[in-house]
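The values are calculated or read from the model by the stated rules, or taken from the named source; none is laboratory data. Note that the structure is a prediction, hence the values are computed from the model and not measured. Every residue, glycine as well, gets a Cβ built from its backbone with ideal geometry; the counts of neighbours run over all protein chains shown.
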Amino acid sequence: MFDDDEVTVELVLEHLTITQPHEIAMYGKVFTKMAELAVYGKTARNLITSAVAALDD
């Protein structure tokens, strides 16, 4: 999401540009929810480190 005017979705072979206000609102809600579920900082670093270590097992 760039702003409240446009959302760009990258696909394997092309990209979509979303400009309809109701569609942008939907992407905004999903983005907010995903940001709430995400981990940041030290917690993210620990999660990534654990995932990399699991690859070595």
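The set of residues in region 16-57 that are under 13 Å from D5 (Cβ atoms) and either part of a helix (DSSP H, G or I) or aliphatic (A, V, I, L, M) (or both) comprises I18, P21, E23, I24, A25, Y27, G28. Scanning region 37-49 for residues that are among the small types (G, A, S) and surrounded by 10 or more Cβ atoms within 10 Å (Cβ to Cβ) returns a single hit, A44. Which of (1) modelled with pLDDT under 95; (2) touching a Leu at 6+ places or on another chain (Cβ under 7 Å) does V39 not meet, given it meets every other one? That leaves (1) as the condition not met.
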